[in-house]
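Accompanying notes for the structure given below.
The values are calculated or read from the model by the stated rules, or taken from the named source; none is laboratory data. What you are looking at is a predicted structure, and each value in this text was computed from that prediction instead of being measured. We place every Cβ from the backbone using ideal geometry, glycine too, and count neighbours over all the protein chains shown.
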Amino acid sequence: MLPSSLPSPTAFRVIAAYKFIRLESLPELKVRLSSLCEENELRGTILLSPEGINLFIGGEVRHVEGFLDVLRAMRGFEDLEVKQSESSTRPFGRMFIKIKKQIICFDDESIDPAQRTSPKLPAKTLKQWLDEGRPLTLLDTRNEYEVRIGTFAGAIDPGITNFRDWPAAVEKLSPSLKEEPVVIFCTGGIRCEKAGPYLEQQGFKNVLQLEGGILKYFEECGGAHYNGECFVFDDRVSVDSQLREASTAVCSVCRAQLTPEDLRHPHYVWKESCQNCFGTGPTRSVIGATL
């Protein structure tokens, strides 16, 4: 059964959004957004850079909607698109607003999504193509710990641990893919904005990026052709194909996927360590550090 809309309303709403747009006066924008988030009791992460904005935040539904109303009233953000899901508990512990060089780190600065990206493929069109068995290659642009939790059936896992590894992973792809339709995807679409043009630079002739990423696909198409859950960068860890908080457990320090037995291990301390990373040095929670 496909979701006709978002899941039944719960206490908190989580939104993910980004836009590549030339931004100036970043310190002033940071102060304005900080005040707006404080007024609305929102938590999560907002990244600002000269190339745009990337946010993943949550709070009470009315507060999230109020935040979006104000943000979309700002020049350049009128058409900001969001992916949204629900949470029964507050999904983020703190609010971070950071000014960075890029909103998605990538070493090739010749890639400029504000000027050009690969063509976008709507979620419903991808489902239709997969239903029909149309020849295409699905290529996951996410990190290996995300892929382990879930991905599209038959998708290529590039085996990367950081998006900066993308160029090295592309070098290992079969040259035959350069002549075939390749559909790339990630959680919400932002990584594909740079991954796609990079593939084209390397000679891939028919690259399409899943519009809105896995989250938009779940919203419009449910779990058809997808195996497992989708990793999200907040305390929920993952959501299922109905955009509900799932049962997957992941160490928030080393991101190892944990079994029920692992959670009972004496070295497992929530947000501090698990048996895989216990004793390896100072611990730091990484959930929410990347969007």
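Data overview
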item: Failed criterion for Ile149 (all others in (1) under 24 Å from Glu220 (Cβ atoms); (2) free of Cβ contacts under 8 Å to residues at least 60 places away in the same chain hold); result: (2)
item: Any pair with Cβ under 6 angstrom, 6 or more apart, that starts in region 243-270 at a residue that is not assigned by TED's automatic domain parsing to the domain that holds Lys216 and ends at one that is among the charged types (D, E, K, R) and in a loop (DSSP other than H, G, I, E, B); result: Glu245/Arg236; Ala246/Glu229; Ala246/Asp240; Thr248/Glu229; Ser252/Lys271
item: Top-ranked residue in region 36-57 [being more than 19 Å from the chain's Cα centre (by Cα) and of a type in the set (A, V, I, L, M, F, W, C); ranked as farthest from Ala11 (Cα to Cα)]; result: Leu36
item: Failed item, numbered, when Met95 is tested on (1) farther than 29 Å from Pro167 by Cα; (2) of a type in the set (A, V, I, L, M); (3) surrounded by 14 or more Cβ atoms within 10 Å (Cβ to Cβ); (4) free of Cβ contacts under 8 Å to residues at least 60 places away in the same chain; result: (4)
item: Within region 191-239, considering residues that are polar (S, T, N, Q) and assigned to a loop (DSSP other than H, G, I, E, B), the one nearest to Lys127 (Cα to Cα); result: Asn206
item: Matching residues in region 258-291 - criterion: being within 30 Å of Ile15 (Cα to Cα), modelled with pLDDT of 80 or more and either touching a strand residue (DSSP E or B) at 6+ places or on another chain (Cβ under 9 Å) or in a loop (DSSP other than H, G, I, E, B) (or both); result: Tyr268, Glu272, Cys274
item: Elements of type strands (runs of 3 or more DSSP E) in region 8-72, at least 3 residues being among the aromatic types (Phe, Trp, Tyr), surrounded by 15 or more Cβ atoms within 10 Å (Cβ to Cβ) and in contact with a strand residue (DSSP E or B) (Cβ under 9 Å, 6 or more places away or on another chain); result: 12-20
item: Residue match in region 33-49 (condition: within 21 Å of Glu219 (Cα to Cα) and either out of contact with any Asp or Glu (no Cβ under 9 Å at 6 or more places or on another chain) or of a type in the set (A, V, I, L, M, F, W, C) (or both)); result: no
item: Pairs where the first residue, in region 50-79, is farther than 22 Å from Gly189 by Cβ and not assigned by TED's automatic domain parsing to the domain that holds Met95 and the second is hydroxyl-bearing (Ser, Thr, Tyr) and at pLDDT 95 or above, C-beta under 7 Å, 6+ apart; result: none
item: Qualifying residue in region 155-172 (condition: touching a residue at least 60 places away in the same chain (Cβ under 8 Å), touching a helix residue (DSSP H, G or I) at 6+ places or on another chain (Cβ under 9 Å), of a type in the set (A, V, I, L, M) and in the same structural domain as His225 (by TED's automatic domain parsing)); result: no
item: Condition broken by Ser247, with the remaining ones in (1) hydroxyl-bearing (Ser, Thr, Tyr); (2) assigned to a loop (DSSP other than H, G, I, E, B); (3) surrounded by fewer than 20 Cβ atoms within 10 Å (Cβ to Cβ); (4) at pLDDT 95 or above satisfied; result: (4)
item: Residue within region 160-175 that is surrounded by 13 or more Cβ atoms within 10 Å (Cβ to Cβ), more than 27 Å from Ile103 (Cβ to Cβ) and either in contact with a strand residue (DSSP E or B) (Cβ under 7 Å, 6 or more places away or on another chain) or among the small types (Gly, Ala, Ser) (or both) present; result: no
